[in-house]
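Okay, structure first, notes after.
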Amino acid sequence: MKRSLALALSALVIALYCLLPFLWFVLTSLKTPAELAAIPPRLVPSLHWGFYQSALFDHGLARYIGNSLIVAGTATLISITVGSMAAYAISRFQLAWTRFYLLALLAISMFPQIAIAGPVWNILNHLDWLNTYHGLVTAYIALSLPLAIWILTTFFREVPVEIEEAALIDGCSRLQVLRKVVLPLAAPGILTAALLVFIHTWNEFFFALIIMTDPDIQTLPVGIALFPGEYTMPWGEIAAASTLATLPLIFLTLFFQRGIVRGLSAGAVKG
Amino acid sequence: MKSSHRLALLFIVPSLVFVSVFTLYPIVESFRLSFYRMILTLPWLGQKMVGWENYLDLWTDPVAWQALRTTLLFVAITVPSELLLGLGMALVMNEAFRGRGVLRAVVLIPWAIPTVVSSQMWRFIFNDRYGLFNFVLFGGDTARYFAPLADPRFAMLAIMAAEIWKTAPFAALIILAGLQTISDEVYEAASIDGATSWQKFYHVTLPLLWPALLLALLFRTIDALRVFDLVFVMTQGGPADATNVLQFYGYKKTFAEGMIGYGSTIAVTVFMISLILALAYLRALKSERLQGAAR
């Protein structure tokens with residue numbers, strides 16, 4: 001009994017640790033300007049929606065959300081398509097160089113952003129792709145491919161080869177096998193990988209910062225980091241923007257929790 | 001055999017094109033540029049090959065050394081703290097109790113929050129007037145409220161706290177996955193031999209968990225070396241360069257001051273540090289695994 005009480009208590013502490021700081025930011029977003037300016041801070045807000053309204057329409061939050069949806073959505077779609085092809089080949093043809101490719105991708109995913117930032121900026125500048133959706137999307141596809149391929153390879157390896165061989169004997173081509181047999185079986189894994197890539201690109205800040213300098217086309221993280229305030233920090237609006245940027249991720253994460261944990265540890269633990 | 005090579009290549013080429021153009025070529029280009037003097041604000045200088053000059057400048061640049069020290073200190077404090085906290089959380093989550101599933105989901109929340117958002121959140125928590133930090137510390141005694149982020153002694157600690165908060169739960173999940181690979185039978189055998197809980201943890205759990213811990217250490221170290229978002233949002237490297245970490249310094253030189261050559265030198269240096277650490281860890285891990293297999 002003593003043991004289970006200690007467990008329950010520790011579990012509660014962990015949950016509070018994870019939830020409290022963000023919860024306080026959410027509460028902040030629901031305050032009135034007067035409650036926000038109270039010193040010492042008032043903990044319980046009067047559930048006022050004013051900051052959401054001014055963040056969305058006066059501070060361009062609606063635009064940032066739109067830009068982020070376009071960029072993260074497109075990058076995820078292409079990255080998962082291109083990544084699935086590569087991961088399928090890596091999982092099916094266990095050749096020396098495909099294995100080397102997988103290791104090289106792991107190494108690439110460890111690069112510090114600054115190590116490639118200058119030349120990436122330069123390429124996009126030459127193409128006249130700075131401050132465009134396709135510029136950032138292209139960079140994001142390349143940056144998220146290592147993650148996508150690693151997770152997808154783990155999931156493809158779990159699809160039994162025998163089913164494919166049967167289909168090949170029945171006269172299907174490789175592409176048909178991929179489309180009609182492997183993809184449906186690997187669908188849950190692909191969905192998980194897509195979710196992780198989406199979260200990754202939705203949250204990405206460094207490249208978004210250097211590629212998108214025009215406020216009209218900036219994504220959410222850049223918008224939130226550079227939130228415009230003329231004289232004082234508009235904390236209420238920043239809290240509201242942060243809440244709106246995060247809540248969808250939290251719902252997605254809670255909903256797909258099992259898959260995400262598996263996807264994350266696929267890359268991490270199995271090495 | 002020949003056809004399987006060609007087919008594999010066909011499937012892999014699209015990804016290879018993206019990765020080559022946007023990560024491999026840029027790395028090589030960064031190395032090349034690090035030997036040139038190239039300043040965007042002084043375009044008439046053009047691109048001039050200067051050999052090792054940038055590296056010599058870096059060697060005698062006190063701000064660069066400070067950035068290196070700050071970055072290494074950041075890694076040395078945050079990573080072990082995250083792993084210890086994560087280990088504690090993982091041990092709790094590995095036990096059977098009601099609501100364990102919920103807890104495992106809740107732990108993902110700090111990980112899912114965009115770093116920019118958690119940075120703004122912690123910046124507000126450490127605010128000198130409205131922040132929760134001062135309120136928890138001093139309550140209504142507003143005269144004692146202070147601004148940790150504006151104080152060179154505390155700014156880095158505040159950033160470290162924000163980093164640990166966000167990544168410890170992620171470390172917990174990696175460690176938990178490692179814990180789950182340890183079978184109950186090993187613990188039962190230890191119990192039969194009369195081992196105490198602490199002995200079980202020290203002699204059974206820890207050695208078997210070692211590969212997972214080492215991997216978490218590797219991932220967290222390499223990620224912590226890249227710290228940028230937190231610094232950009234919370235302090236902009238200040239006050240007085242107290243939180244100026246390597247990636248932020250490189251960013252500032254390259255993109256704010258347009259010093260392409262010198263910025264590339266910083267970039268290459270950061271890259272080499274990460275690479276050496278990654279290789280060292282991978283070797284350690286490999287030998288660890290070999291030992292594990294021999295046992």
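Within segment B:133-163, the set of residues being under 11 Å from B:LEU230 (Cβ atoms) and not hydrophobic (A, V, I, L, M, F, W, C) comprises B:GLU163 only. Within segment B:171-190, not a single residue is crowded, with 17+ Cβ neighbours inside 10 Å and among the hydroxyl-bearing types (Ser, Thr, Tyr).
When only residues in segment A:91-104 that are part of a helix (DSSP H, G or I) and within 12 Å of B:LEU7 (Cβ to Cβ) count, which is nearest to the other protein chains (Cβ to nearest Cβ)?
A:THR98
Hey, can you tell me all the residues within segment B:1-28 that are under 30 Å from the mean Cα position of the chain (by Cα), of a type in the set (Ser, Thr, Tyr) and more than 8 Å from chain A (Cβ to nearest Cβ)? Scanning segment B:1-28 gives a single hit, B:SER20.
On the stretch given as segment A:1-50, residues that are of a type in the set (Ser, Thr, Tyr), within 25 Å of B:VAL116 (Cα to Cα) and in contact (Cβ under 8 Å) with a residue 12 or more places away in the chain total 3.
Does B:PHE31 meet the test of being part of a loop (DSSP other than H, G, I, E, B), within 13 Å of another protein chain (Cβ to nearest Cβ), among the aromatic types (Phe, Trp, Tyr) and over 30 Å from B:PRO152 (Cβ atoms)? Judged against the criteria, B:PHE31 is not a match. Look at (1) among the hydroxyl-bearing types (Ser, Thr, Tyr); (2) outside any helix (DSSP H, G or I); (3) away from every other protein chain (no Cβ under 12 Å) and you find that B:TYR130 fails only one, number (3).
One residue stands out in segment B:176-196 among those that are of a type in the set (A, V, I, L, M, F, W, C) and either in contact with a Cys (Cβ under 7 Å, 6 or more places away or on another chain) or free of Cβ contacts under 8 Å to residues at least 40 places away in the same chain (or both): the one that is farthest from B:LEU87 (Cα to Cα), namely B:ILE192. Helices (runs of 4 or more DSSP H) fully within segment A:188-262 that include at least 2 residues being within 23 Å of A:ILE149 (Cβ to Cβ): A:206-211, A:235-255. Against the list (1) hydrophobic (A, V, I, L, M, F, W, C); (2) more than 7 Å from chain B (Cβ to nearest Cβ); (3) surrounded by fewer than 17 Cβ atoms within 10 Å (Cβ to Cβ); (4) in contact with a helix residue (DSSP H, G or I) (Cβ under 7 Å, 6 or more places away or on another chain), the condition A:PHE51 fails is (3). Number of residues in segment B:83-127 that are at the interface with chain A (Cβ under 7 Å from one of its Cβ atoms), within 29 Å of B:PHE154 (Cα to Cα) and part of a loop (DSSP other than H, G, I, E, B) equals 3. Number of residues in segment B:219-265 that are facing chain A (nearest Cβ under 8 Å) and either in contact with a strand residue (DSSP E or B) (Cβ under 9 Å, 6 or more places away or on another chain) or within 19 Å of B:SER118 (Cβ to Cβ) (or both) equals 10.
Read-outs throughout are calculated quantities, based only on the coordinates presented, and are distinct from any laboratory measurement. Everything quoted here is computed from the prediction, not taken from an experiment. Every residue, glycine as well, gets a Cβ built from its backbone with ideal geometry; the counts of neighbours run over all protein chains shown.
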